[in-house]
Amino acid sequence: MNTQVHRRKFLSSLIGLPLLASSGNAFALPSARQPKLHGAAGGLKTSLNAFTFNAALSDGSMTISDLLDFCAATGFEGVDLTGYYFKGYPQAPSDEYLFQIKRKAFALGVEISGTGVRNDFTIADKAKREQEVLLVKNWIEVAAKIGAPVIRIFAGNQKNEGVPKEQVTEWMLKDIQTCVDYGKKHGVVIGLQNHNDFIQTAAQVTGMIEAIHSEWLGLILDTGSYRVLDPYEEIARSVKYAVNWQIKEKIFLNGAEKETDLDKLMGIIKSSGYKGYLPIETLGEGDPKVKSVNLLEKLKKAML
């Protein structure tokens, strides 16, 4: 089935998306989307999402170099270097700066599992949206230079009162398609994150990814952002699209924040056949160094 047919089917079913969330789907993510890694835990590798240290990286009390040292010292196999912590963001940094980071990560034995930007494809103004696309394109090039296999993008969170959701989705799909095509040119997979914004359910994830239907597009599966329906069921429905993760300490169950059942989560991941990185991200109160190490140890135990 071609891309246009997928897109028409998705757009025509938008209004009923929440009702579709409980139904299964037969679209299987091509195995080529999965990183061919062979770590000690059945091809799974640990990683740390830089957003864990958002406050310190934002105020300058921690640098990306410090973050790499931390990951190496605490046993993370990879690090997800979110774009906003690079000097000069949203502008792309100099090659010299990027290659210094890449060289240090290599010297420490820490793999760069991904990067990401803060884009918004729900903006109604086409000219402004074109700038969002350009942002993603620029950072696709950054991802290629530092060896990040995946770049995370968002759908967006504009309310767009009076604009039909299917219309927003149509322009969003065109923008994502442009990014996917550019990612393919540079050997970088586009990872669309379910971020409890425009995308809130597994059915919406399925619709978006099927509408574009490319091995260069997948899902950054955010375990803490399925908040409408049962999160474990939603993760199980969308895990086939996963090209990277944000595994969080907390999960939203029946509207309440609960500790993530890592054994249950790992059961879903292992059953799916996913091979690749499992970046963790800790949020909220407390020392992120302590919290991330604690979550890492719990994750390693669940991976056994």
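Over the chain, DSSP H runs of length four or greater, each weighted -39,500 (n - 2.57), average out per residue to a 222 nm ellipticity of -13500 deg cm²/dmol. Once the Cα-Cα distance is subtracted from the 0.36 nm per residue extended length, the E161 to K184 segment shows a gain of 4.9 nm.
Just in the stretch 53-136: which trypsin sites (Lys or Arg not before Pro) are loop by DSSP and have at most 16 other Cβ atoms within 10 Å? If you can, show how the numbers build up before the last one.
Details: sites: K87, K102, R103, K104, R118, K126, K128, R129; in loops: K87, R118.
Taking the stretch 53-136 and a limit of 16 other Cβ atoms within 10 Å, the loop trypsin sites (Lys or Arg not before Pro) found are K87, R118.
Summary of packing: across the peptides 106-117, 164-175, the per-residue average of other C-beta atoms within 10 Å ranks them, highest first, as 106-117, 164-175.
How large is Rg/Rh for the chain, to two decimals, with Cα atoms and a Kirkwood Rh? Mind showing how you got there, number by number?
Numbers: Rg = 18.3 Å, Rh = 19.5 Å.
With Rg and the Kirkwood Rh in hand, the quotient comes to 0.94.
Please tell me the relative contact order of the chain in percent, rounded to the nearest whole number, where contacts are Cα pairs under 8 Å and at least six residues apart. In percent, rounded to a whole number, it is 22.
What's the FRET efficiency of T74 with A144 using the Cβ-Cβ distance as r and R₀ = 30 Å, to the nearest 0.05? Walk me through the numbers on the way to the answer.
Details: r = 28 Å, r/R0 = 0.92.
Given R0 = 30 Å and the Cβ-Cβ separation, E is 0.60.
Inter-label distance, W171 to D287: 4.8 nm, where each label sits 7 Å from its Cα along the C-beta direction.
Sparse packing (at most 15 other Cβ atoms within 10 Å of the Cβ) combined with a DSSP loop state is found for the following GluC sites (Glu not before Pro) in the stretch 219-304: E285. Each label was represented as a point 7 Å from its Cα along the Cα-to-Cβ direction; for N196 and A124 these points are 2.7 nm apart.
Net charge of the neighbourhood of L57, taken over other residues with C-beta under 14 Å away and scored Lys/Arg +1, Asp/Glu -1, is -2. Within a straight-line Cα-Cα reach of under 17 Å, K174 can be paired with the following aspartates and glutamates, leaving aside sequence neighbours fewer than 8 residues apart in one chain: D120, D125, E130, E132, E166, E210, E215. If you count Lys pairs in the stretch 92-157 whose Cα atoms are under 22 Å apart, skipping same-chain pairs closer than 8 places in sequence, the total is 6. Comparing I247, I101, I190 in a Gaussian network model of the chain where C-alpha atoms under 10 Å apart are linked, the largest mean-square fluctuation is found at I101.
No lab work stands behind these numbers, since they all come straight from the coordinates. Fair warning: this is a prediction, and the values are worked out from it, not measured in the lab. As a convention, Cβ positions derive from the backbone with ideal geometry for all residues, glycine included, and neighbour counts pool all protein chains shown.
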